[in-house]
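Structure first, commentary second.
The values are calculated or read from the model by the stated rules, or taken from the named source; none is laboratory data. Just so we're clear, the structure is a prediction, and the values are computed from it rather than from any experiment. Neighbour counts run over all protein chains shown; Cβ positions are idealised from the backbone, glycine included. Heavy atoms of the whole protein, side chains included, go into the accessibility calculation; ligands, DNA and RNA do not. Shrake-Rupley method; radii C 1.70, N 1.55, O 1.52, S 1.80 Å.
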Amino acid sequence: MASSSRVLSVILVLHFVLSMATPSLSCVIPCESEINLRLYLHQIAAGSGTNQVAIVASSQPAGFGTTAVNDWTVIDGPNPGTATIVARTKGMHVQADVGGPGWFNYFSMVFEDARRRGSSFEVMGMNRAQEGEMAIIGGTGEFAMARGTIKYRALANPPPGQSIKELNIHAFYVKPAGTIAGPTIQ
């Protein structure tokens, strides 16, 4: 009996040592996957195809308190005329900086492409300038329990009344049951 308990002890110690050396052996919950995407957010504030509307106007300096609802498109290339819609960002943004401009964004980036249809990233953060970063604080579907960042950069010379931002998305998420965690998706 002593030898079988000694073997069991060795097996347990070996398991813990290997778990520390190899992360894939240490997953207690389903293992996370990683995704890196480069997409483009297309915002149309005025003109044909407007995809945001101010619902609360403000008389404060810098428009502090102005609130808008948005349904911005997320496309797979920088040219809206030739790109394909991959997702939509459905949410709101509020002018939250007294010194302005500083928009606080919170939205669901809901995917529409065949592979990820209905899956989403839940996003929030400040949009202060031509470039910055927002947080991915959750997700649904394929991106369940997502966490990560979206680094954005405004592209130069967009059409009048529009803004196009390059989005570099980096996130970790738990693969839904019945799927196999894989390598980074580009």
Go through (1) in contact (Cβ under 8 Å) with a residue 40 or more places away in the chain; (2) part of a loop (DSSP other than H, G, I, E, B); (3) under 28 Å from residue 31 (Cα atoms) and name the single condition residue 160 misses. (3)
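Search the range 12-58 for residues being touching a Leu at 6+ places or on another chain (Cβ under 9 Å) and modelled with pLDDT of 95 or more, and hand back the single one that is most open to solvent (accessible area, probe 1.4 Å). If you could, list the steps in order and put the result at the bottom.
So in the range 12-58, the residues touching a Leu at 6+ places or on another chain (Cβ under 9 Å) come out as 15, 18-19, 25-26, 37-41.
Subset that is modelled with pLDDT of 95 or more: 37-41.
On the way: 37: 23, 38: 137, 39: 14, 40: 25, 41: 11 Å².
Selected residue: 38.
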Report every pair of residues separated by at least 6 positions or lying on different chains whose Cβ atoms are under 8 Å apart, first residue within the range 46-69 and farther than 14 Å from residue 161 by Cβ and in contact (Cβ under 8 Å) with a residue 12 or more places away in the chain, second among the hydrophobic types (A, V, I, L, M, F, W, C) and in a loop (DSSP other than H, G, I, E, B). 58/64; 60/98; 61/98; 62/98; 64/96; 64/98; 66/57
Which members of the range 74-92 meet the condition of being touching a strand residue (DSSP E or B) at 6+ places or on another chain (Cβ under 7 Å) and outside any strand (DSSP E or B)? 76, 77, 78, 80, 83, 84
Among the residues of the range 37-52, is any within 27 Å of residue 147 (Cβ to Cβ) and in contact with a Gly (Cβ under 7 Å, 6 or more places away or on another chain)? yes
Restricting to the range 93-134, name every residue that is more than 17 Å from residue 154 (Cα to Cα), of a type outside the set (A, V, I, L, M, F, W, C), open to solvent by 40 Å² or more (accessible area, probe 1.4 Å) and not in a loop (DSSP other than H, G, I, E, B). 106, 122
Among residues of the range 127-144, those that are within 19 Å of residue 115 (Cβ to Cβ) and either among the charged types (D, E, K, R) or free of Cβ contacts under 8 Å to residues at least 60 places away in the same chain (or both), counted: 6
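One line per residue, one yes/no per condition, for (1) of a type outside the set (Phe, Trp, Tyr); (2) more than 16 Å from residue 38 (Cα to Cα):
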position	(1), (2)
90	yes, yes
100	yes, yes
105	yes, yes
110	yes, no
121	no, no
124	yes, yes
128	yes, yes
131	yes, no
144	yes, yes
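Limited to the range 28-53, what total is found for residues that are closer than 24 Å to residue 131 by Cβ and in a strand (DSSP E or B)?
Here is the first cut: in the range 28-53, the ones closer than 24 Å to residue 131 by Cβ are 34-46, 51-52.
If we keep only those that are in a strand (DSSP E or B) too, we end up with 34-44, 52.
Going through the range 28-53 one residue at a time, the tally reaches 12.
Return yes or no: is residue 137 at pLDDT 95 or above, open to solvent by less than 20 Å² (accessible area, probe 1.4 Å) and either more than 19 Å from residue 164 (Cβ to Cβ) or of a type in the set (Val, Ile, Thr) (or both)? Give the steps one after another, and end with the answer.
Values: at pLDDT 95 or above: yes; open to solvent by less than 20 Å² (accessible area, probe 1.4 Å): no; either more than 19 Å from residue 164 (Cβ to Cβ) or of a type in the set (Val, Ile, Thr) (or both): yes.
So residue 137 does not fit the description; no.
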Does at least one position in the range 161-170 carry a residue that is within 29 Å of residue 57 (Cβ to Cβ) and either aliphatic (A, V, I, L, M) or open to solvent by 60 Å² or more (accessible area, probe 1.4 Å) (or both)? yes
